[in-house]
Every structure is written in structure tokens, then in C-alpha cells.
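Enquirer: Handing you a structure now.
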Amino acid sequence: MSTPDPHPSSSGPRPPAGQAGAEPLLRTRGVDVVRDGRHLLRGIDLAIHPGEHWALLGPNGAGKSTLLALLGAVSHPTRGEVDVLGRRLGRVDVRELRAHLGHVNPRHPLHSPLTVREVVLTGATSTIEPDLYRKPSPEEAERAERLIDTLGITAAAESRWTTLSQGERGRTLIARALMPSPRLLLLDEPATGLDLTAREVLLDSLDLLRHQHPELASVLVTHHLEELPESTTHALLLRGGETVAAGPVDEVMTTELVSATFEHPIRITRHEGRWTARAAARRTPRD
């Protein structure tokens, strides 16, 4: 199979309507990440503008989590440039940058039986446990309640972390990440392990969140197209640490490009804003 042009548009990813001319929140130029002599990422160019919602797709080992760590100022490139919120990694205190990024870690290292409300409020201090010497302000408490409502977990607000379902935990962590009013939300496979109902509730909550916060940008990592919200605007396809395609989602999420990404014939369809993927050819047992 021939490799499609990795850059469908020579002008690169375009900001959505109403964001024309906006400076990108994230930009990478010629980024390589090399570990033990092996390229985990090679030549990655990307620009993410306010109001854009990117899907980062690829098979296991494609480099998705490695790229997300760069975008979240958690790690540095071996070569190339990474600008986060207008600041160049390597020239800025990354702790300051991270305060403006909502990074949802599905492996949140909390062991105390905090309530959902208490977990969300820890987002205001960027701590795992509540700051015993600091009481949330009325504004913070009100924001926490609004986020809890938006994420659809009001009924569980007093439930303990240790009793929550995986879906409830995921939505709690998204609300927590949004407490500091970040400009960018990073989601690493947020629907992994969720049953059908929990997944649909999560995706509906993300669509509502994006509608209510039009300036917010986001990057969602997955390798399942069914886990993409309707509000997805752009996509980056990765294979073997390299870009297969990047740009507006309708140009990138095609049968040809997704098949090239996963190195298997896959038929892509979209219905009512959601995507499905099926193998283009099926093998049946012979008698």
C-alpha cells in the first residue's frame, strides 16, 4: 500500500470559523523523540488553535502518549521545537506552563476516600490531596459545582472516590482538570475500560463542555474511532512515530488514510457526527 501524503493541506491545520488569525496554543516543528537509539517520534509538525478539538489516533506503539507528554510539558523533544502557550520548552519553567494545561491522567494516584467534590476542588491547587491550610474560595466552590453539573456527576458529588465507577472517576478527573480554567485540555484514552453507557455519557459530557467553553482547545488520544465525540474538529494520524495525515477531521478521517495508519483495510463511515470503523474484508471459515 502506498503511503498517502502526510500533509493533505500545504497550509497546515486551519483554525475553525471565528478563530482565523489566532495564535496557536501548541506548535511543534520537526520534533523527534529518541530513546535508546530508537525513534519514538520523527519529524512531527503540528499547530493547535483555540477552539480546535483534535483526535490523536494510531495503533499501539504509534507514539500517541509520547506526543501527548510533549504537548503537556511533561517531557522534552530530542530534536525540534515545541511551543506551549507561546513558550518554548527548554526555555521556560514547565511548572508554570502546566498550571495552564488541563491534563487528565487516568492513573490519578489518589488513595484517600475523598468525595467527588473534594477531588474536583484539588484541581484549584494542582494537588492530589486537599491543602489543609487553604480553604476554597466561594468562586472556586461555585466553579466546582458548575463543572460537576456539566460533567453529569451531581448525583455522585458526595460519593467517595473509592466507590466510584470508572466512568464516574473519568468525569471527575475532567472536572478537576478544568478547575484552573485551562486553555487546553489533554485527554489520554478517557473512554478506556468504560461500558457502552458510560462511554456515551462521557462523550456527551465532552460535547456539552466544548459547547459551553468555545475558546477551549483539546487533544484526545485514542485508537478507537467510536470513542471520538461529535465535536471533534481535527485529527492527527500516527504510525510508527510519524505523521500519516493531519488537518480538518473530514479530510483526515477517510478510509484510505485510516487504513494506511493501521496498515489494514478499514472502512470508515460517519453517521450523525460519529465514526465507525470496520474491516473492509472479512475472512470466513471454509467447510
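Values in this text are rule-based calculations from the coordinates and carry no lab data. Owing to the predicted nature of the structure, the values given are computational and were not obtained by experimental measurement. Here Cβ is always computed from backbone atoms with ideal geometry, including for glycine, and neighbour counts include all displayed protein chains.
Enquirer: Which shape class, rounded, prolate or oblate, goes with region 193-287 when its Cα gyration tensor gives a ≥ b ≥ c as root eigenvalues, a/c under 1.5 marks rounded, and past that a/b bigger than b/c marks prolate?
Expert: Cα axes put region 193-287 in the oblate bin.
Enquirer: Just name one of LEU164, LEU57, GLY152: the one whose Cα is farthest towards the positive end of the charge dipole of the chain (beta-carbon charges, Lys/Arg +1, Asp/Glu -1).
Expert: LEU57
Enquirer: Within 10 Å of each residue's Cβ, count the other Cβ atoms and sort HIS234, HIS271 from fewest upward.
Expert: Fewest-to-most ranking of HIS234, HIS271: HIS271, HIS234.
Enquirer: By the gyration tensor of its Cα atoms, with a ≥ b ≥ c the square roots of the eigenvalues, what is the shape of region 118-195: rounded for a/c under 1.5, prolate for a/b over b/c, or oblate?
Expert: prolate
Enquirer: Now for a separate question. Sort SER231, SER218 so that the residue with the fewest other Cβ atoms within 10 Å of its own Cβ comes first and the one with the most comes last.
Expert: SER231, SER218
Enquirer: What is the helix-to-structure angle for 166-177, meaning the angle in degrees between its Cα long axis and the longest Cα principal axis of the chain, kept from 0 to 90 and rounded to the nearest 10?
Expert: On a 0 to 90 degree scale, this one is about 80.
Enquirer: Before rounding to the nearest 500, sum -39500 (n - 2.57) across all DSSP H runs of length at least 4 in the chain and divide by the residue total; then give [θ] at 222 nm in deg cm²/dmol.
Expert: Calculated from helices alone, the mean residue ellipticity at 222 nm is -7000 deg cm²/dmol.
Enquirer: Using a 10 Å cut-off around each Cβ, can you sort TRP54, TRP275 from fewest to most neighbouring Cβ atoms?
Expert: Listing TRP54, TRP275 from fewest to most nearby Cβ atoms yields TRP275, TRP54.
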